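Right, one structure below, let's go through it.
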Amino acid sequence: MTEKRPVFAVAPMIDWTDRHCRYFHRQISREALLYTEMVVADAIIHGPRDRLLGHDVAEHPLALQLGGSDPAKLAEAVKLAEPYGYDEINLNVGCPSDRVQSGTFGACLMLTPETVAACIAAMKAVAAAPVTVKCRIGVDEQEPEEALPDLITRVLDAGADAIWIHARKAWLKGLSPKENREIPPLDYDIVYRMKERWPDVFIGINGGIRTLDEAAAHLAHVDGVMLGRAAYQNAAILADVDQRFFGAPAAEPDWQALCDRMMAYAERHIASGGRLQHVARHMVGLFTGLPGARRYRQILSTDAAKSGAGPEVIAAAFAAVDFSGVEQEAVSA
């Protein structure tokens, strides 16, 4: 039997992992699985579909994360998303924000696993791509040792192809979304136990993972590892992903080529009516900790926001960085 390929993913993050962020990340790692921001099913059904679902072909492999709790609406959203060619459809059962709770989806769905199962069954009935779930280990006063396996059992029976688990509880009242990413204690061991219980099911882990060394340690226990803010705030960490986890030949990052590609991408975006800031805001953390990084951030944060700013701002920002030693320092951050 051939060994399963591990999956390294960049987590879906509202207001962060838009199409411009994903294109940028893809220029650094060819293999990482990228996720959209959560897109609400109602928005796909009634809203500006191309703006919500459109993406550059370069972004693949790419997963669409959906939010919702109505099986019929989620199925309709999956059908409408089909022409866009996503490689995976993921149901959000982990976001604790008030906005999501008011729509009775996200993390509050942990309280109604039968609804999650019905949603997955409806999505599977119409999806060409794999359908997956991203959940917490529990919410509020739930006992994770009971709530998590109950949810997993139900969604697997409904046809789910994989489970991504954020290894923290979510508290639906009293904690902000930021606090819900930091205050509830991490419990990686329960995720490992779920993998032991379902050895033939893809189970991936998320939550508090900051380095590739930590990611590698988790992959000794589970099938996939997902980084969120650590990958966004210092995207250079992605430069070592393909070699480390996917067997790509070792190679020094070509930062000038990255600069050229992002300038060309920004030029296309501006020509279509966009602004440089839409692209540049995701690039600000690229060279964190390196000589010249402060000036790099300043140029992208300030100059890119000016009216009429063009791709030359990206060139000026890259020119401020001292690249001697960047390959060693950035990827080990």
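The values are calculated or read from the model by the stated rules, or taken from the named source; none is laboratory data. Remember, predicted model here, so these are calculated numbers, not experimental data. Please note: Cβ atoms are built from the backbone with ideal geometry, for glycine as well, and neighbour counts cover all protein chains shown. Heads up: the accessible areas ignore ligands, DNA and RNA and are worked out on the full protein's heavy atoms, side chains in. Shrake-Rupley method; radii C 1.70, N 1.55, O 1.52, S 1.80 Å.
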Show the residue pairs that are 6+ apart or on different chains and have beta-carbon atoms under 7 Å apart, the first residue being within segment 142-169 and in the same structural domain as R229 (by the TED database) and part of a helix (DSSP H, G or I), the second being modelled with pLDDT of 95 or more and acidic (D, E). P144/D187; R154/E114
Identify all residues within segment 27-65 that are crowded, with 18+ Cβ neighbours inside 10 Å, closer than 21 Å to P253 by Cβ and hydrophobic (A, V, I, L, M, F, W, C); write none if there are none. I28, A32, L33, L34
With respect to A128, is the statement that it is touching a residue at least 12 places away in the same chain (Cβ under 8 Å) and open to solvent by less than 50 Å² (accessible area, probe 1.4 Å) true? no
Being in the same structural domain as P61 (by the TED database) and over 24 Å from T132 (Cβ atoms) narrows it down to one residue among A231, A236; which is it? A236
When segment 282-310 is checked residue by residue, the ones that are assigned to a helix (DSSP H, G or I), of a type in the set (A, V, I, L, M, F, W, C) and farther than 21 Å from R268 by Cα are A293
Among (1) surrounded by fewer than 18 Cβ atoms within 10 Å (Cβ to Cβ); (2) of a type outside the set (S, T, N, Q); (3) touching a strand residue (DSSP E or B) at 6+ places or on another chain (Cβ under 6 Å), which single condition is P12 missing? (1)
Residues of segment 270-285 being modelled with pLDDT of 95 or more and under 22 Å from the mean Cα position of the chain (by Cα), in sequence order, are Q277, H278, V279, A280, R281, H282, M283, V284
In contact (Cβ under 8 Å) with a residue 12 or more places away in the chain, under 23 Å from F8 (Cβ atoms), outside the structural domain of S29 (by the TED database) and in contact with a Ser or Thr (Cβ under 7 Å, 6 or more places away or on another chain) - does that describe any residue in segment 265-282? no
